[in-house]
Amino acid sequence: MHQDYYEAILQIRPKKQSVLDFVRNESMRSNTRISKEITKDFGCDIYLSSRKSAVQISKKLKKNFNGDLKVSKTLHSRDRLTSKLIYRVTILFRLR
C-alpha cells in the first residue's frame, strides 16, 4: 500500500488535543495507518487508510466526547477486477 493512500478523512472541529490523542490511540489499536494530518486554524484533518475503522473511531468519538457527526461519501473510482465502485468517506466530528 502506498504511503499516501487513504480511504477516509476524519475532520475534527475545533482542534482539541485530547480528541486528537484519542484518534491516534484508536487508530494504532485497530492497525489503521494515518496517512497524513493537516492542521488548520479551525481544526484538524486526519487521513486514514481504512474506511471501516474510521467509522468505528468516529462512533467512539461521539460516545466519549460530546459532539455531532456528519458522514458523506464521494465516488473515487471503480475496482478493475470486480467492477465495484470505490468510495472515499469524509467524517466531520464537531465538538459542542
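The values are calculated or read from the model by the stated rules, or taken from the named source; none is laboratory data. Every value quoted in this text rests on a predicted model; they were computed, and no experiment measured them. In this analysis, Cβ positions are derived from the backbone assuming ideal geometry, glycine residues included, and neighbour counts consider all displayed protein chains.
Among (1) under 17 Å from R88 (Cβ atoms); (2) out of contact with any Leu (no Cβ under 7 Å at 6 or more places or on another chain), there is one condition A54 misses while meeting the rest; what is its number?
Failing condition for A54: (2).
Being under 12 Å from the mean Cα position of the chain (by Cα) and assigned to a strand (DSSP E or B) is the filter here, so list the residues in region 4-37 that pass it. Break it down into steps so the answer makes sense when it comes.
From region 4-37, those under 12 Å from the mean Cα position of the chain (by Cα) are 6-12, 20, 23-24, 26-27, 32-37; that's our starting set.
Passing the criteria: A8, I9, L10, Q11, I12, I34, S35, K36, E37.
Any idea how many residues of region 54-96 are in contact with a strand residue (DSSP E or B) (Cβ under 8 Å, 6 or more places away or on another chain) and among the polar types (S, T, N, Q)?
So the answer is 6.
Could you go through region 39-52 and let me know if any residue there is assigned to a strand (DSSP E or B), among the hydrophobic types (A, V, I, L, M, F, W, C) and modelled with pLDDT under 95. Write out each step before concluding.
Keep residues of region 39-52 that are assigned to a strand (DSSP E or B), which gives 39-40, 43-48.
Within this subset, residues satisfying the condition of being among the hydrophobic types (A, V, I, L, M, F, W, C) are 44, 46, 48.
From the residues that got through so far, the ones that are modelled with pLDDT under 95 too are none.
No; the residues of region 39-52 include none that is assigned to a strand (DSSP E or B), among the hydrophobic types (A, V, I, L, M, F, W, C) and modelled with pLDDT under 95.
Between a residue in region 21-33 that is under 14 Å from K59 (Cβ atoms) and any residue that is of a type in the set (A, V, I, L, M, F, W, C) and in a loop (DSSP other than H, G, I, E, B), which pairs come within a Cβ distance under 8 Å, given they are 6 or more apart or on different chains?
F22/F65
Scanning region 67-86 for residues that are among the charged types (D, E, K, R) and under 16 Å from the mean Cα position of the chain (by Cα), which turns out surrounded by the most Cβ atoms within 10 Å (Cβ to Cβ)? Outline the logic, then answer.
Looking only at region 67-86, we keep the residues that are among the charged types (D, E, K, R), and these are 68, 70, 73, 78-80, 84.
Still in the running and under 16 Å from the mean Cα position of the chain (by Cα): 68, 70, 73.
Values: D68: 11, K70: 11, K73: 13.
Only one residue fits best here, namely K73.
Please indicate, with yes or no, whether at least one residue in region 14-30 is out of contact with any strand residue (DSSP E or B) (no Cβ under 7 Å at 6 or more places or on another chain), at pLDDT below 95 and surrounded by 12 or more Cβ atoms within 10 Å (Cβ to Cβ).
There is at least one residue in region 14-30 that is out of contact with any strand residue (DSSP E or B) (no Cβ under 7 Å at 6 or more places or on another chain), at pLDDT below 95 and surrounded by 12 or more Cβ atoms within 10 Å (Cβ to Cβ).
Which residues, counting only those in region 34-66, are exposed (fewer than 15 other Cβ atoms within 10 Å of the Cβ) and hydrophobic (A, V, I, L, M, F, W, C)?
Hits for region 34-66 are I38, F42.
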